[in-house]
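The values are calculated or read from the model by the stated rules, or taken from the named source; none is laboratory data. Quick caveat: nothing in here was measured; it's all calculated off a predicted structure. Virtual Cβ from ideal backbone geometry, glycine too; neighbours counted across all protein chains shown.
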Protein chains: 2
Amino acid sequence: MHCLNVELGERSYPIVIGSQLLGDPQHLLPYIRGKQVCVVTNETVAPLYLERLLEGLSGFDKVDTIALPDGEAFKTLDTVNRIFDLLLEQRHNRSTTLVALGGGVIGDMAGFAAACYQRGVDFVQIPTTLLAQVDSSVGGKTGVNHPLGKNMIGAFYQPRVVLADMNTLQTLPERELSAGIAEVIKYGLICDAPFFDWLESNMSRLLERDPQALAYAVDRCCRDKAAVVAEDERESGRRAILNFGHTFGHAIEAVQGYGSWLHGEAVAAGMVMAAELSRLRGSIDTELVARIRDLLSTARLPLVAPDDMTVQQFLDAMAVDKKVMDGRLRLVLLRALGDAQIVDDTPPELLAEALENCGAV
Amino acid sequence: MHCLNVELGERSYPIVIGSQLLGDPQHLLPYIRGKQVCVVTNETVAPLYLERLLEGLSGFDKVDTIALPDGEAFKTLDTVNRIFDLLLEQRHNRSTTLVALGGGVIGDMAGFAAACYQRGVDFVQIPTTLLAQVDSSVGGKTGVNHPLGKNMIGAFYQPRVVLADMNTLQTLPERELSAGIAEVIKYGLICDAPFFDWLESNMSRLLERDPQALAYAVDRCCRDKAAVVAEDERESGRRAILNFGHTFGHAIEAVQGYGSWLHGEAVAAGMVMAAELSRLRGSIDTELVARIRDLLSTARLPLVAPDDMTVQQFLDAMAVDKKVMDGRLRLVLLRALGDAQIVDDTPPELLAEALENCGAV
């Protein structure tokens, strides 16, 4: 079992990474202050892990559960409102604790519900996907999608504790495992070249779900992310490098409709686009682009745009992305392996060329 | 013109109190950081003050306006979602500023929209009712109602500046002026006995809308509230005294349906109930209860429960109030004029007696 602390002053919290954490209430109980708990999960995860979690919560006055429909398509204000309905119907007060049991979508919605319910109650994250374990465990980003843009409504809100249980990854569908690996690879690319090397040597262990390799990767990504977030909690500057590949990826998700490509798949293709654009700007060479494509390919991830998606569709979708500042598109590009930079002066023709080189029509 | 600073560390901001502030952009412009502005107002206030405000904002790249339907009944998540729709349709980015022009309902919703839009953008408050000037200017409480409870969904979020323009009070309907005075009287009761004395001598000036008397009262209430809030920004303790009369008042609003009684009217009757309960507990004498009733009556405010509302309806509605902690009803009562305390051990029969003495059936 690893434990790392995310240092954010009075909002600091621990991330516990290990196996068999879910069935062991000692990891959870010290972080629940009141007598009421509400578990927020989805219809896919509930049959697998809910019962084991509830066994550990039997000592509380009130334990309610809400199982939301599964998928990014349901990450909406309306779904969050269902959580509020339950909390109010069941008279949860300001000292209640929300427990998010599920992937990133559940964590984002439960966290946002916790941020807003009675202007803020405690919450705990139990991410059950690799993507959520490496990406949602650190950073405090919560929120929902809007028909006109992804994650446009939300809050920065920190959990009291995060439990990343490697056992929950054993039941993860293969596509979702790969989607999580896309974000894992991202950390190598933007800030941790030695980890990228490690991934090139150990990808087969991750794909075989070796618990020790998974725990190592989750721990390393969380540490990398925590270092970036500690510098810039509210994303006014450097934290934006975490969005490497995401501006392109969000465009794919927005145009395809949330849920048809997994987030990590869209980010994988987006990272190839960002790498290709970095190459066109002369920052990195073709060899590095090839290494990136090879590693993503080994992880069974897409490397190009969806079949029918046009350059113009990318440009339109990217224009409403949060990274647009006063009309200038800000992109995260690579200066070298493990070294990302934020640029806002990309010539439009170069952007179009990179998109075409990556399959946009 | 008065100016006072609400001290909250890096979230500190000024409140400017005076006349003719709306037409004078120098009060506003230093607090708008980006090039985009969205004015959030309602259909009642827009025809009166929007044009004057927009004249001062002519230098920005983009100024959008949304006029929401007027009234507490529209303080919902759905209405806030209309603000998000506009912001996204018009491509407002993370450096946009929301300007709330209206009463407390508009301030609460615009502030909550600002807290959540892209996880937080700047906002400015221009409260146009007395209630909003004394109550919403300080404290950072934003949010919306839920069918099962008032202000149950929201955020603590501070504005960049508050402009309280006494001119906007000249067009205020008489009932709303009185409703604002209810909150003004509250400050005298909970923490400022000399101000209660001043109000007994100067109520006629307030009712005649003397700008100097109004500005004095707004300034005094904001200072009183700022002192309480500075001690306890997120309402973990003493700040709860600001809810004097509100637990009863919220019950009236919830049962009558939001909007049929004005918030300040419900709080006025609620303060009489809280005073009566304080008397039954032996904390204050009948003479003080009579002074409170007299002052509220002079201000043309209700002193008793709605005609048909029962004791049981009060108790049920109060049980879902935010002030219920682990099943114990927390109430703000008076120890003396200008001295409030929080109690959580009220005998149910005493509570029922106080409600009956104040007209509940």
**Message:** For the condition within 14 Å of chain A (Cβ to nearest Cβ), at positive phi and not small (Gly, Ala, Ser), what is the one hit in B:Asn243, B:Asn145, B:Asn151?
**Reply:** B:Asn151
**Request:** Would you be able to say whether some residue in the range A:3-26 is under 27 Å from A:Ala227 (Cα atoms), surrounded by fewer than 17 Cβ atoms within 10 Å (Cβ to Cβ) and acidic (Asp, Glu)?
**Result:** yes
**Request:** Report, by residue number, each residue of the range B:283-302 that is of a type in the set (Val, Ile, Thr) and within 24 Å of B:Gln341 (Cα to Cα).
**Result:** B:Ile284, B:Thr286, B:Val289, B:Ile292
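How many residues are in contact with a strand residue (DSSP E or B) (Cβ under 7 Å, 6 or more places away or on another chain) and surrounded by fewer than 16 Cβ atoms within 10 Å (Cβ to Cβ) when one looks only at the range A:36-53?
The qualifying residues number 1.
Inspect all residues belonging to the range B:102-111 and state whether any of them is more than 22 Å from the chain's Cα centre (by Cα) and modelled with pLDDT under 95.
We begin by selecting, within the range B:102-111, every residue more than 22 Å from the chain's Cα centre (by Cα); these are none.
No, because not a single residue in the range B:102-111 is more than 22 Å from the chain's Cα centre (by Cα) and modelled with pLDDT under 95.
Being among the charged types (D, E, K, R), in the same structural domain as B:Cys116 (by TED's automatic domain parsing), in contact (Cβ under 8 Å) with a residue 60 or more places away in the chain and touching a Leu at 6+ places or on another chain (Cβ under 9 Å), is that true of even one residue in the range B:154-163?
no
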**Asked** Out of the range A:25-45, which residues are charged (D, E, K, R) and in contact (Cβ under 8 Å) with a residue 60 or more places away in the chain?
**Response** A:Arg33, A:Lys35
**Message:** Quick check on this structure: which one of B:Leu48, B:Leu54, B:Leu22 is among the hydrophobic types (A, V, I, L, M, F, W, C) and without any contact (Cβ under 8 Å) to a residue 60 or more places away in the chain?
**Reply:** B:Leu54
**Request:** Evaluate the range B:80-95: report whether one residue or more is at pLDDT below 95, surrounded by fewer than 24 Cβ atoms within 10 Å (Cβ to Cβ), in the same structural domain as B:Thr44 (by TED's automatic domain parsing) and of a type in the set (Gly, Ala, Ser).
**Result:** yes
**Asked** Which of the residues that make up the range B:299-330 are more than 14 Å from chain A (Cβ to nearest Cβ), at pLDDT below 95 and under 20 Å from the mean Cα position of the chain (by Cα)?
**Response** none
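Yes/no matrix, rows are residues, columns are (1) closer than 15 Å to A:Gly264 by Cβ; (2) modelled with pLDDT of 95 or more; (3) not aliphatic (A, V, I, L, M):
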site	(1), (2), (3)
A:Pro127	yes, yes, yes
A:Leu130	yes, yes, no
A:Gln133	yes, yes, yes
A:Lys141	no, no, yes
A:His146	no, no, yes
A:Val162	no, yes, no
**Item:** Selection from the range A:253-281 of residues that are under 28 Å from A:Glu208 (Cβ atoms) and in a helix (DSSP H, G or I)
**Value:** A:His263, A:Gly264, A:Glu265, A:Ala266, A:Val267, A:Ala268, A:Ala269, A:Gly270, A:Met271, A:Val272, A:Ala275
**Fill in**
Exception for A:Pro211 within (1) under 30 Å from A:Arg335 (Cβ atoms); (2) in contact (Cβ under 8 Å) with a residue 60 or more places away in the chain; (3) not assigned by TED's automatic domain parsing to the domain that holds A:Phe84 falls at (1)
**Request:** Confirm whether A:Ser58 is modelled with pLDDT under 95, among the hydroxyl-bearing types (Ser, Thr, Tyr) and over 23 Å from B:Ile153 (Cα atoms).
**Result:** yes
**Message:** Filter the range A:200-234 down to the residues that are among the charged types (D, E, K, R), within 14 Å of another protein chain (Cβ to nearest Cβ) and touching a helix residue (DSSP H, G or I) at 6+ places or on another chain (Cβ under 8 Å) and list them by number.
**Reply:** A:Asp232, A:Glu233
**Asked** Could you list, in sequence order, the residues of the range A:130-142 that are more than 14 Å from chain B (Cβ to nearest Cβ) and of a type outside the set (Gly, Ala, Ser)?
**Response** A:Leu130, A:Leu131, A:Gln133, A:Val134, A:Asp135, A:Val138
**strands (runs of 3 or more DSSP E) wholly inside the range B:110-220 containing at least 1 residues that are surrounded by fewer than 22 Cβ atoms within 10 Å (Cβ to Cβ) and out of contact with any Pro (no Cβ under 7 Å at 6 or more places or on another chain)** = B:122-127, B:141-146, B:149-156
